[in-house]
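Read the figures in this text as sums done on the coordinates, not as results from a lab. This structure is a prediction, so every number in the text was calculated from the model and none was measured. Ideal geometry is used to build each Cβ from the backbone, glycine not excepted, and the neighbour counts take in all protein chains shown.
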Amino acid sequence: MVDTSSRQKIAALEQRVRELEDKYESGAAGTDESRARPIDDHITKVERYELALHSIQEGVWDWDISAKKIWQSVPMRILFGESAEETISDFNGEDINDPLLQDIYPEDRLVVCQALSDHLLNSTPYHVTFRFRMPDGNIRWIRSTGQAIRSEDGTPIRMVGSDVDITGRVNADAALRASEARYEEAQRTAQVGSWEFNMATGELIWSAEVYRIFGTTPDAFQVTNKGFLNFVHPDDLEQIQAQIGEAHRSGDYVDYEHRIVLASGEVRWVHQVNSPDGGEAGGLSGRRRGTIQHITERKL
């Protein structure tokens, strides 16, 4: 799934492609001389696009496919830890052994080459993420987006694109996943799960530990308020329904214990605490949040 920022970049690249295609089709590239004209002819327009990307530290590239040459902007060079000057280099993006690809992680290099090949052959959208080893040995995550320019018969003649460093975002996502994993492990250890209920829509969300306490899984059980009540022990059901109803009407904090019956027939004791979203009792809210703890051993 492509995020809003990526879609905006793709749209900008597509506009750049349309400009070059208009120039190509209008005859500027119609003669053998113009077709053989070096990549420098197109740099002016690319530089204008580069200025728009410079503030977000995004590099621009322009690949002349037939000539096997690629132009890289100054931000592009800086992005990959190279000298702060634009360059035109030999490049064959479909060759996994091309020198410009050698600092990409080996397993990612194949993905990049395949993505380029698919885009050129099948017009598959080109947006790929890969790891890159910087000159100082550090690893950076790069997001690359591009669009081919094609002749009238559909042959790709040029490809323009941009690369951006997303290492910060990747690291933040990894830290979030690690935090969530630690939180889930803490819930498992304490046998305390958490849940959230939207009273307006009826949506009920359980954490992984709640599923474990109830002896089920997200695949086996579609969690709803009615589904939860089906787990409640028959002798406790009337009391629980009354407590839930009163809590929803008053917006009060609730603390109670009751039994549940698993699909296997096992009976478990649980302790529930919940309150309006925000944790403050005494006020009506469209959501309630709570915890549920497995306390059978304590009750025996």
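Quick one: divide the alpha-carbon radius of gyration of segment 78-220 by 2.2 N^0.38 Å and tell me what you get.
1.56
How many nm is it between the label spots at Ser151 and Asp255, if each spot is 7 Å from the Cα in line with the beta carbon?
7.9
Given H placed 1.01 Å from N in the peptide plane, which residues other than close sequence neighbours of Ser151 have an amide H under 5 Å from its amide H?
Ile157
5 Å is the cut-off here: which amide hydrogens, built 1.01 Å from N in the peptide plane, fall below it relative to Ile65, excluding neighbours closer than 5 in sequence?
Excluding prolines and chain starts, which carry no amide H, the hits are Arg158, Met159.
For segment 121-129, take each phi angle, set θ = phi - 60°, evaluate the Karplus expression 6.51 cos²θ - 1.76 cosθ + 1.60, and give the result in whole Hz per residue in order, putting x for glycine and proline.
Working through the residues one at a time gives 7, 10, 6, 5, x, 9, 8, 9, 10 Hz.
For a footprinting-style exposure proxy, rank Leu101, Leu300 by other Cβ within 10 Å, fewest first.
If I rank by nearby Cβ atoms, fewest first, I get Leu300, Leu101.
Highest first, please rank the peptides 156-169, 205-218 by the mean number of other Cβ atoms sitting within 10 Å of their residues.
Listed from highest to lowest mean packing, they are 156-169, 205-218.
Quick one: net charge around Ile295, please, counting Lys, Arg +1 and Asp, Glu -1 for every other residue with C-beta under 11 Å from its C-beta.
+2
Check Arg287: other-chain or 5+ apart residues with amide H under 5 Å from its amide H, H built from backbone geometry?
Hits under the 5 Å cutoff: Met199, Asp277.
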